[in-house]
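> Handing you this structure, nothing more for now.
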2 protein chains.
Amino acid sequence: MSDLVARINPPVRTLMGPGPSDIHPNVLAAMAKPTVGHLDPYYLKVMDELQGMLRQLFRTENAMTFAVSGTGSAGMEATVVNLVEPGDNVVVCVNGVFGKRLADVATRAGGNVTVVEKPWGEVFTADDLKETIAATKPKLVAIVMAETSTGAWQPIEEISELVHNAGAMLLVDAVTSLGGVAVEVDKWNIDAIYSGSQKCLSCPPGLAPVSFSAKAMETIMNRKTPVQSWYLDVSLLANYWGENRVYHHTAPINMSYGLHEAVRLILEEGLDNCFARHLKNHQALAAGLSAIGIEYTAAEGHRLPMLNAVKVPEGIEDTVIRKGLLNQFGIEIGGGLGAFAGKVWRIGLMGYAARQNNVLLFLAALEQLLAAQGYQFDRGASIEDANQVYLAYSHAKTLG
Amino acid sequence: MSDLVARINPPVRTLMGPGPSDIHPNVLAAMAKPTVGHLDPYYLKVMDELQGMLRQLFRTENAMTFAVSGTGSAGMEATVVNLVEPGDNVVVCVNGVFGKRLADVATRAGGNVTVVEKPWGEVFTADDLKETIAATKPKLVAIVMAETSTGAWQPIEEISELVHNAGAMLLVDAVTSLGGVAVEVDKWNIDAIYSGSQKCLSCPPGLAPVSFSAKAMETIMNRKTPVQSWYLDVSLLANYWGENRVYHHTAPINMSYGLHEAVRLILEEGLDNCFARHLKNHQALAAGLSAIGIEYTAAEGHRLPMLNAVKVPEGIEDTVIRKGLLNQFGIEIGGGLGAFAGKVWRIGLMGYAARQNNVLLFLAALEQLLAAQGYQFDRGASIEDANQVYLAYSHAKTLG
């Protein structure tokens, strides 16, 4: 008995990294509600409601809208392996870690993958893809809307038109974007899309909201070969998440409770209000960071409000600051991935983390840590500049 | 706003089906603890501890012992797709739903699958497999230790010897057995094994404990083709769950909290005590059922203590009783799957559900519902007979 480990007793963090984000207390409380069976009438109601709310979130009428029983990467794999059969031509847009992962997953699914690359931090225009799509006549084009490794915000509409004019389907990674900025599945004609519970939805990681268009479902139902994954096979999952409610696997009941409450909170706030809140806090953070001379990696106009990827200032050691934030303030931010390792910080303002108190606390903590490292401030007025943004919003509200 | 759904508020159930099982209150409380990042020093400690505890549970020294970020079926898929390459010969033993699923998953992984079948409810002897293994020289033999669809308890040791003498590897489904009866990974020379969090571990569904032997890992590291699933690729997961702790996917933090506490509780009780508790409650339930003339589907000596699959008595409507249990008593038991639909009840005594109060309550409720349906009791003394078992144990304890 003496070698028993201690009970779970985690430190309280302020989660401002690339996800998981801060979790609303209601969501944690929902996670601890009594477990019922996966075919219990109550759970079937929870599934129905969750599907309805996810449709509102994705702004879609797609029947096959549900939560994959795995994390965001399982959602990626679910969309890819259902749509790609061995030998299918696939175009994948790569400008960061997650585009690269998409290409890897599509290749493992037997796809004949052509990668179109852009430098990290940049986004794709339709012109960037025209030639490749004309040359390879793909069945599927895959693109990341919010590249979590770079903070770049990829516009989807123009590319969707190009893709569909070429007779292809469009697959979109919305892991970081969903719930933070508008994601318009029907309006943008997206055929398959996936997200994760732990970003702007502010639920713990473990579920991946996905949606498949009618065209995607028709393609899946008419495959020549079985889907390589039994666990992620949407033709089987359609019977569990569809009207029949036929047992497939044992759904993660309590995770579903958490996601149900997380999405309910967003709809209670109102989707547009929620996007506006993300934008406002991003602007305040950006003003503060700009005041102390910290630059974004993505170009103006393509910066994600919920994922602020900024350059580590010259002469400052990445890990010293991140460890200081964690150990002295309990604040988590993300470091750079891949080509950006050691050079970039990723500051998340996702879901419940996108709030004034987090922005001001983070700026105050960062200033203190930079000062301790001998950083030369031009003005050192990050808080004042951030406050200006909040005051301007507050003033506009009073007038409006 | 008016169309907002209500907050999660599930009914309190007594979960005596094939899983999920009753969840210990400590486990639900752990699920709601503050989320930390997936690379937070605290979470890395949780992972370390969880791996250590899972090794004790599986009774193994296997380095690659961890929890797959998905439900039990994802655990099945993880073990199969890592070990099976296209064209590999695989033998799968099928005597119920989950053996059949294994064959399906192995076929989708490109395996050249030979199925050996036995009637539902029966188990395999080494003799049943000898010819097929000699004829097909498989790379892998897969078998279910506790067939959740039939309640049959499959002995592993003799078959393991046969499999290894033939130069093959052994893959075992321990979804329902782990934590309820002894599972001896090292002693029985099992190469790959998977379980689920929601059976005898009494944690909500969502994680799948797995373990791979050194030989299995060597085989995986020397594959000719990449694992078809990126999400489940153990060669990548080894870097996250291994010493390097390299980011792979965002682990389901709060689910891990729950599993950590669930396994901790079992180790606190002591594994052998935990198995003895399952056996005692099974014997009491069996005595009670026998008293009212209800028969098991599996032969004596091959009945799983945690999953009591019994025949619906002649003239009694399956669903009337199950609905009565749920609606009048809040008790969930399982119906039959596949060939057993409508003919079999599956009464779970798994983990925290394996306790005297559940057994006595269930028998009392069942008697009342059967009586309401005009069932002819020979004696109608299920409670008395169950109590005899408990009294005998209690008496033995006093003497011992």
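> Enumerate the residues in segment A:325-355 having an amide nitrogen under 17 Å from the point lying 7 Å beyond the Cα of residue A:394 toward its Cβ.
Only A:355 pass the distance filter.
> To make sure I understand the rule: partners must be lysines, Cα under 17 Å from the Cα of residue A:280, and not fewer than 8 residues away in the same chain. Which ones qualify?
Those lysines meeting the cut-off are A:397.
> Something else now. If you take each beta carbon of peptide A:230-243 and count the beta carbons of other chains within 10 angstrom, what is the mean?
So the per-residue partner count for this stretch is 3.
> In sequence order, what are the phi-derived ³J(HN,Hα) couplings for segment B:114-122 according to the Karplus relation 6.51 cos²θ - 1.76 cosθ + 1.60 with θ = phi - 60°, rounded to whole Hz, with x for glycine and proline?
10, 9, 10, 10, 9, x, 4, x, 8
> For the residues B:390, A:43, what sequence is obtained by ranking on other C-beta atoms within 10 Å, fewest first?
B:390, A:43
> Going by how many other beta carbons lie within 10 Å of each one, how would you line up A:221, B:31, fewest first?
Lowest count first: A:221, B:31.
> Specify the residue with the greatest mean-square fluctuation among A:376, A:56, A:198, computed from a Gaussian network of chain A linking alpha-carbon atoms under 10 Å apart.
For chain A, modelled as a Gaussian network with Cα springs under 10 Å, the answer is A:376.
> Compute the label-point distances linking residue B:397 to its equivalents in the other copies; points lie 7 Å from Cα along Cα→Cβ; give nm, one decimal, shortest first.
Computed spacing set for this position: 6.0 nm.
> So, one more: Using the alpha-carbon atoms, what tilt in degrees (0 to 90, nearest 10) does helix B:97-108 show relative to the longest principal axis of chain B?
So the inclination is approximately 20 degrees.
> Would you list which lysines come within 28 Å of residue A:130, measuring only between C-alpha atoms, while excluding same-chain residues fewer than 8 positions from it?
A:100, A:118, A:139, A:187, A:215
> In addition: Pick from B:89, B:112, B:26: which is most flexible by mean-square fluctuation in a GNM of chain B where alpha carbon atoms under 10 Å apart are linked?
Ranking B:89, B:112, B:26 by mean-square fluctuation puts B:26 first.
> What is the distance, in nm, between label points placed 7 Å from the Cα along the Cα-to-Cβ direction at residue B:247 and at residue A:235?
According to this spin-label approximation, the distance is 3.6 nm.
> What distance in nm lies between label points placed 7 Å from Cα along the C-beta direction at residue B:45 and residue B:115?
4.9 nm
> Between the helical axis of A:356-372 and the dominant principal axis of chain A, each derived from Cα atoms, what acute angle in degrees is found, rounded to the nearest 10?
Roughly 60 degrees, rounded to the nearest 10.
> Check which residues have an amide H placed less than 5 Å from residue A:114's amide H, if you skip close sequence neighbours.
Distant-sequence amide H within range of residue A:114: A:90, A:91, A:92.
> To the nearest 10 degrees, how steep is helix B:41-58 against the longest Cα principal axis of chain B, on a 0 to 90 scale?
Taking Cα atoms only, the helix is inclined about 70 degrees.
> Okay, next question. Between residue A:384 and residue A:61, how high is the FRET efficiency from 1/(1 + (r/R0)^6) when r is the Cβ-Cβ distance and R₀ = 51 Å? Nearest 0.05.
FRET efficiency, residue A:384 to residue A:61: 0.60.
> Restricting to chain A, what percent of DSSP beta bridges are antiparallel, rounded to 5?
Antiparallel: roughly 50 percent of the beta bridges in chain A.
> What nm distance separates the two modelled labels at residue B:164 and residue A:373, each placed 7 Å from Cα along Cα→Cβ?
Each label point is offset 7 Å from its Cα along the Cβ direction, giving 5.3 nm.
> Let me spell out the model: positive unit charges on the Cβ of Lys and Arg, negative unit charges on the Cβ of Asp and Glu, origin at the Cα centre of the protein assembly as shown. What dipole size does that give, in debye rounded to 20?
It works out to roughly 620 debye.
> So, one more: Please report, in debye to the nearest 20, how large the charge dipole of segment B:270-399 is about its Cα centre when each Lys and Arg carries +1 at its beta carbon and each Asp and Glu carries -1 there.
In total the dipole reaches around 340 debye.
> For a quick check: sort B:66, A:275 by the number of other beta carbons within 10 angstrom, fewest at the front.
A:275, B:66
FYI, it's all coordinate maths here, none of it is from the lab. Keep in mind that this is a model prediction, so the values were computed, not measured. Cβ sites come from the backbone with ideal geometry, for glycine too, and all protein chains shown count toward neighbours.
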